[in-house]
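Peer 1: Quick one: structure below, then a few questions.
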């Protein structure tokens, strides 16, 4: 295998797959990437067996072939190189020479046939998505997804595609059992004719993170599709596949409280609430960040105390006409929700001091978050 | 009456565990009650005042207690009951005082400095608190009021049981002087013996010039602080409760055992009590420690973190059981097993287990009211 490629082109490709490459050293070859030189360019492929990514990059290939190389070392080398063309030559023993101007690197490669193959996929049945919107849905729900939770399924993001008449709704749900976020949006175009009416899939957090990264790059319309145990995501020549997580997602609809009359909701300025929470949380107890929150007609009062440091309190103006209610929250949980909301205002609604709190943005009806209180 | 510069209240429940047993079963009233575990291995945890007259004291082997007092009525410890009574006492103290510092389940300090306009007579305030605690719990306590924590504590200790003492400002040194040095916090039995050899027996002796050189050699620069304390000069503030750090339970068996099932049942029993206490306090534990002591008195422990803080025993049991099984050496004999839960944090409610949470809360209410024996979680048969 022999090819010439622009340093920036190869670096872009390597940056995209860094997140996919396995960090833990379970199988040495998984810390490598696969380079496939074809007549029309070079494919950069990475997988951790759960997620796979493939992208085709412009290159002048003089001899086709393939090799796997350490993703990290290759990336570190490319980062240090100056702009311009570089030449990659792979010897029979998989040693690879990188020639860039006067710099030369020889790095050890592993045979490409040892690299796990990406799952084969069909091109049919993909639903087009508006790029900005989809990335936004991920951003608004991913924060609530569990992190190494013992309840395995909570470490995934629920994706549902529902086709009703000519509309297709895309909905994402994340929860770690203490908080939950739901965001939905109409997908611009109707899906292919024979698409099933509802698709439900749970994707690993890592796959959602990678999609979000790819969506942040500007051009190209993304497409998404699901097979029995696989999610397929395409965007401008890039392919991302992810195994779906197996298991039953908790019945999240049951725990989202129903909207109440406006008077029973607390409406408050989002930025003010965020600032006050940050300040008061400084003196909350470590770890739980517990802050006592009092809803009273016309105002919200935040209070925290820490036996070792002292206490803090702040009052905010709010629109509320219900009964006075004293509850407590992990300030972190509230701040996470407020951080992904876009509007100026935020509404909070809860039945009793220990019942779930529904948080909404009056300006974006497609988003809802539920946060469970703490006893303070 | 002149305003006190500081007014500190100290109260200590008289023989709390033993009295609690009588509160729970009034038929025990007037009997020689002691709380503890049965012989041959058992230890007395607390003795009622009548039993104390026979020489029965806490930490005494139960077998010895029965020899001293053959009519002794032994009652097993009932932690949920003590916790319940403690919570009721707290409600009383919270009603009276802004700042209360509970130093154990049955004694507290409170700052009454700002209450002097409301209660100009400290003796009346003290009696009102004592009465309110008795009314709420059926427990009698000894209460003392002074300008500092040390004097209040020493005064309460020498007015037990059911006492009330007020040490007026300016009389602290005179009150402390005739008390034995051992009464002063920080002076343990070893130091007291040491001082006794020097001829120092009363608190007043600590401030006498003739002992000064000897004391200086023993305490160095710390002597001035000790002497200030001996005169009743003590500005230690009342610090409202610190977070409970951990909660634990252990027991010594009557006979050493190598029966894993039995060890598991014992630890499981501790867990349901401890988890109930956590829920009652709105807390959850991030870490647990299993402890074993074998027949040779060798102690082994195993500590693990839960993936998230928990307070519902069925969710905690699997990991605790695994730790216990990992710790037990087959055919090794054990004399003691213990479980403690730590890293206690306020519990976050669960989204998907709201029905379970409600059901468990209902059970907890029943236990609070009628005791742990009337209701508990069912069990799923072992696989």
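Peer 1: With B:128, B:144 as the choices, which residue is assigned to a helix (DSSP H, G or I) and closer than 26 Å to residue B:84 by Cα?
Peer 2: Values: B:144 fails: assigned to a helix (DSSP H, G or I).
Only one candidate passes the filter, namely B:128.
Peer 1: While we're here: I want to confirm something. Restricting to the range A:149-170 and keeping residues that are more than 17 Å from residue B:315 (Cα to Cα) and in contact with a helix residue (DSSP H, G or I) (Cβ under 8 Å, 6 or more places away or on another chain), which single residue is modelled with the lowest pLDDT?
Peer 2: Out of the qualifying residues, it is A:170.
Peer 1: Pull up the range B:193-220, narrow it to residues that are out of contact with any strand residue (DSSP E or B) (no Cβ under 7 Å at 6 or more places or on another chain) and part of a loop (DSSP other than H, G, I, E, B), then point me to the one that is farthest from residue B:152 (Cα to Cα). I'd like the intermediate steps shown before the answer.
Peer 2: Here is the first cut: in the range B:193-220, the ones out of contact with any strand residue (DSSP E or B) (no Cβ under 7 Å at 6 or more places or on another chain) are B:193-200, B:203-220.
Now restrict to residues that are part of a loop (DSSP other than H, G, I, E, B): B:199-200, B:208.
Details: B:199: 26, B:200: 22, B:208: 23 Å.
Top of the filtered list is B:199.
Peer 1: Consider residue A:142 against the criteria (1) touching a residue at least 60 places away in the same chain (Cβ under 8 Å); (2) more than 14 Å from every other protein chain (Cβ to nearest Cβ); (3) buried (at least 21 other Cβ atoms within 10 Å of the Cβ); (4) closer than 30 Å to residue B:309 by Cβ: it satisfies all of them except one. Which criterion is unmet?
Peer 2: (3)
Peer 1: Inspect all residues belonging to the range A:352-373 and state whether any of them is more than 18 Å from residue A:266 (Cβ to Cβ), at pLDDT 95 or above and assigned by TED's automatic domain parsing to the domain that holds residue A:264.
Peer 2: No: the range A:352-373 contains no residue that is more than 18 Å from residue A:266 (Cβ to Cβ), at pLDDT 95 or above and assigned by TED's automatic domain parsing to the domain that holds residue A:264.
Peer 1: Looking at the range B:40-59 only, could you name the residues that are free of Cβ contacts under 8 Å to residues at least 60 places away in the same chain and touching a helix residue (DSSP H, G or I) at 6+ places or on another chain (Cβ under 8 Å)? Before you say what the answer is, go through the steps one by one.
Peer 2: Within the range B:40-59, the first condition is being free of Cβ contacts under 8 Å to residues at least 60 places away in the same chain, and the residues that meet it are B:44-48, B:50-59.
Hits for the range B:40-59 are B:44, B:45, B:46, B:47, B:48, B:51, B:54, B:55, B:56.
Peer 1: Given the range A:300-376, what strands (runs of 3 or more DSSP E) lie entirely inside it while holding 1 or more residues that are within 14 Å of chain B (Cβ to nearest Cβ) and farther than 18 Å from residue A:182 by Cβ? Working first, answer last.
Peer 2: Values: elements: A:310-317, A:325-330, A:345-349, A:357-361, A:364-371.
Once the strands (runs of 3 or more DSSP E) in the range A:300-376 are filtered for at least 1 residues that are within 14 Å of chain B (Cβ to nearest Cβ) and farther than 18 Å from residue A:182 by Cβ, what remains is A:310-317, A:325-330.
Peer 1: Which count do you get for residues in the range B:296-317 that are loosely packed, with under 13 Cβ neighbours inside 10 Å and over 24 Å from residue A:288 (Cβ atoms)?
Peer 2: Residues meeting the conditions: 4.
Peer 1: Quick test for you: out of B:34, B:47, B:65, B:11, pick the one residue that is more than 30 Å from residue B:93 (Cα to Cα) and crowded, with 21+ Cβ neighbours inside 10 Å. Walk me through it before giving the result.
Peer 2: Details: B:34 fails: more than 30 Å from residue B:93 (Cα to Cα); B:47 fails: more than 30 Å from residue B:93 (Cα to Cα); B:11 fails: more than 30 Å from residue B:93 (Cα to Cα).
Just one listed residue meets the conditions, B:65.
Peer 1: Out of (1) modelled with pLDDT under 90; (2) more than 33 Å from the chain's Cα centre (by Cα), what's the single condition that is false for residue A:376?
Peer 2: (2)
Peer 1: Related question: Please work out if residue B:223 is part of a loop (DSSP other than H, G, I, E, B) and more than 14 Å from chain A (Cβ to nearest Cβ). If you could, list the steps in order and put the result at the bottom.
Peer 2: Numbers: part of a loop (DSSP other than H, G, I, E, B): no; more than 14 Å from chain A (Cβ to nearest Cβ): yes.
Taking the combined requirement at face value, the residue does not satisfy it.
Peer 1: Pull up the range B:60-105, narrow it to residues that are without any contact (Cβ under 8 Å) to a residue 24 or more places away in the chain and part of a loop (DSSP other than H, G, I, E, B), then point me to the one that is farthest from residue B:24 (Cα to Cα). Walk me through how you get there before you give the answer.
Peer 2: Within the range B:60-105, the subset without any contact (Cβ under 8 Å) to a residue 24 or more places away in the chain is B:60-61, B:64, B:67-68, B:70, B:86, B:90, B:94, B:98, B:103-104.
Now narrow it down to the ones that are part of a loop (DSSP other than H, G, I, E, B): B:60, B:70, B:98.
Values: B:60: 24, B:70: 23, B:98: 30 Å.
Residue satisfying both the conditions and the ranking: B:98.
Peer 1: Something else: Can you find a residue in the range B:181-192 that is in a helix (DSSP H, G or I), touching a helix residue (DSSP H, G or I) at 6+ places or on another chain (Cβ under 9 Å) and more than 26 Å from residue B:107 (Cβ to Cβ)? Break it down into steps so the answer makes sense when it comes.
Peer 2: Of the residues in the range B:181-192, the ones in a helix (DSSP H, G or I) are B:181-183, B:189-192.
Adding the requirement that they be touching a helix residue (DSSP H, G or I) at 6+ places or on another chain (Cβ under 9 Å) leaves B:181-183, B:189, B:191-192.
Next, from what is left, pick out any that are more than 26 Å from residue B:107 (Cβ to Cβ): none.
No, the conditions are met nowhere in the range B:181-192.
Peer 1: Additional query: Can you report the number of residues in the range A:7-54 which are part of a strand (DSSP E or B), farther than 20 Å from residue A:108 by Cα and in contact with a strand residue (DSSP E or B) (Cβ under 6 Å, 6 or more places away or on another chain)? So that I can check it myself, show each step before the final result.
Peer 2: Filtering the range A:7-54 for residues part of a strand (DSSP E or B) gives A:32-38, A:41-47, A:51-54.
So of that shortlist, the ones also farther than 20 Å from residue A:108 by Cα come out as A:38, A:41, A:51-54.
Next, from what is left, pick out any that are in contact with a strand residue (DSSP E or B) (Cβ under 6 Å, 6 or more places away or on another chain): A:41, A:51-54.
Residues meeting the conditions: 5.
Peer 1: Taking the range A:232-282 as the search range and keeping residues that are within 14 Å of chain B (Cβ to nearest Cβ) and in a loop (DSSP other than H, G, I, E, B), which one is nearest to the chain's Cα centre (by Cα)? Outline the logic, then answer.
Peer 2: Let us first name the residues in the range A:232-282 that are within 14 Å of chain B (Cβ to nearest Cβ), namely A:247-257, A:281.
Next, only the ones that are in a loop (DSSP other than H, G, I, E, B) stay: A:247-251, A:256-257.
On the way: A:247: 20, A:248: 20, A:249: 18, A:250: 20, A:251: 21, A:256: 22, A:257: 25 Å.
Of everything passing the filter in the range A:232-282, A:249 is nearest to the chain's Cα centre (by Cα).
Peer 1: Also: Every residue in the range B:161-182 that is more than 21 Å from residue B:238 (Cβ to Cβ) and surrounded by 15 or more Cβ atoms within 10 Å (Cβ to Cβ), please.
Peer 2: B:161, B:173, B:177, B:179, B:180, B:181, B:182
Peer 1: Which one is surrounded by the fewest Cβ atoms within 10 Å (Cβ to Cβ) among residues in the range A:145-185 that are within 14 Å of chain B (Cβ to nearest Cβ) and more than 22 Å from residue B:286 (Cβ to Cβ)? Step through it out loud before you land on a result.
Peer 2: Going through the range A:145-185, the residues within 14 Å of chain B (Cβ to nearest Cβ) turn out to be A:145-155, A:158, A:173-182.
Narrowing further to those that are more than 22 Å from residue B:286 (Cβ to Cβ): A:153, A:158, A:173-174, A:180-182.
Numbers: A:153: 16, A:158: 21, A:173: 25, A:174: 26, A:180: 26, A:181: 27, A:182: 22.
Step by step, filter the range A:145-185, then rank; the result is A:153.
Peer 1: Go through (1) in a loop (DSSP other than H, G, I, E, B); (2) more than 14 Å from chain B (Cβ to nearest Cβ) for residue A:288 and report which single condition fails.
Peer 2: Against the list (1) in a loop (DSSP other than H, G, I, E, B); (2) more than 14 Å from chain B (Cβ to nearest Cβ), residue A:288 comes up short only on (2).
Peer 1: Check whether at least one residue in the range A:270-283 is surrounded by fewer than 16 Cβ atoms within 10 Å (Cβ to Cβ), assigned by TED's automatic domain parsing to the domain that holds residue A:353 and at positive phi, and report yes or no.
Peer 2: So the first thing to find is which residues in the range A:270-283 are surrounded by fewer than 16 Cβ atoms within 10 Å (Cβ to Cβ), and the list is A:271, A:275, A:278-279, A:282.
Restricting the remaining residues to those that are assigned by TED's automatic domain parsing to the domain that holds residue A:353 gives A:271, A:275, A:278-279, A:282.
Those left that are additionally at positive phi: none.
So far as the range A:270-283 goes, no, none of its residues is surrounded by fewer than 16 Cβ atoms within 10 Å (Cβ to Cβ), assigned by TED's automatic domain parsing to the domain that holds residue A:353 and at positive phi.
Peer 1: Quick one: residue B:242 ticks every box in (1) exposed (fewer than 15 other Cβ atoms within 10 Å of the Cβ); (2) more than 14 Å from every other protein chain (Cβ to nearest Cβ); (3) at pLDDT below 85 except a single one, so which number is it?
Peer 2: Among (1) exposed (fewer than 15 other Cβ atoms within 10 Å of the Cβ); (2) more than 14 Å from every other protein chain (Cβ to nearest Cβ); (3) at pLDDT below 85, residue B:242 violates only (2).
The values are calculated or read from the model by the stated rules, or taken from the named source; none is laboratory data. Keep in mind it's a predicted model, so treat the numbers as computed, not measured. Every residue, glycine as well, gets a Cβ built from its backbone with ideal geometry; the counts of neighbours run over all protein chains shown.
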